[in-house]
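Please read the structure below before turning to the comments.
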Amino acid sequence: MKGISFKQDVWEAKREILDECGRAQTRRAFKPQPIERVFMFVEEAGALDYWVPYTKNIKLVKNNQGNRKNGCGYYPRYKIGEIVYRKESYKFWCSEDDGWIVKYKDGAILFPNVSVDEYTDESFYTEPTKWKSPRYMPEWAARDFLQITGYGIQRVQGISRNDLTLEGTIPLGKEMHDPLLSFLIERSMEEYLRTVFARVWDSINKPPYDWKSNPWVWIYDIKLVDREAKC
């Protein structure tokens, strides 16, 4: 199963939308950006899919993310219907009574269905002091699972007012102290939200994938699913 990462504040905003609307969106920049065009490709099964050409050097394909087939390019990393787990900072250890224990930065605890055997090193019976990077989180340590319900492509600046909401770009009282609130007086709420989204985008994506560069992005529609649903 593939993992997916979010900045913590971005996830908290997105989680509110997921709980309220039952669905949300996340945008991911094409890396690298296409050098010619983005076009639709018909798979053998008859399903429509996107193929992104980006280089004439096939050796560079190995350095790219996503599901790759013959040629210099790539398909979306996540497919419709696929379930992925959210990666986040964590630590884990085990106890004689409870087995393995996973702890998250918000203090939440998970007791995964992973057995402790007689070969488990004694060092694992003490809670670690350091947090592990989300990059290395395995599926069994995850607490949030998402299903990909749809995807599309566009330039990041093409985001609509409705999609700004699905991305979790809503002040909800949290931005009321922000100087950007002056936009509510001078400009529309949509432009204010676009400015907030652009600032969040640039905190994650550096040139040539920043807001000003207006990169091509995947748009993934997501919904929460129960841990058992992943099976």
- Distance (nanometres) between label positions extended 7 Å along Cα→Cβ at S160 and W93: 5.1 nm
- Query: For the residue pair K206 and E139, what label-to-label distance in nm results when each label sits 7 Å from Cα along the Cα-to-beta-carbon direction?
  - Reply: 3.2 nm
- For the stretch 89-136, what is the charge dipole size about the Cα centre, in debye to the nearest 20, if Lys and Arg each add +1 at the Cβ and Asp and Glu each add -1 at the Cβ? 560 debye
- Overall Cα dimensions of the stretch 89-136 - principal axes, largest extent first, Å: 29, 17, 17
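Please work out how much length the chain gains when fully extended from T195 to L110, using 0.36 nm per residue of separation minus the C-alpha to C-alpha distance, in nm with one decimal.
Value of the extension gain: 26.9 nm.
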- Positive-pole candidate from W93, T129, S115, dipole of the stretch 89-136, charges at beta carbon: T129
- Message: With θ taken as phi - 60° and the coefficients 6.51, -1.76 and 1.60, list the Karplus ³J(HN,Hα) couplings across the stretch 5-16 in order, rounded to whole Hz; mark glycine and proline as x.
- Response: 10, 9, 4, 4, 5, 5, 5, 4, 5, 5, 5, 4
- Task: Mind checking the full-extension length gain between K132 and R15? Use 0.36 nm per residue of separation minus the Cα-Cα distance, one decimal, nm.
- Result: 39.9 nm
- Expressed in nm to one decimal, what extension gain is obtained for the pair K31 and K2 from 0.36 nm per residue of sequence separation less their Cα-Cα distance? 8.7 nm
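Bear in mind that the values in this text are calculations on the coordinates, not laboratory data. Small disclaimer: the values here were computed from a predicted structure and weren't measured. Cβ: placed from backbone, ideal geometry, glycine included. Neighbour counts: every protein chain shown.
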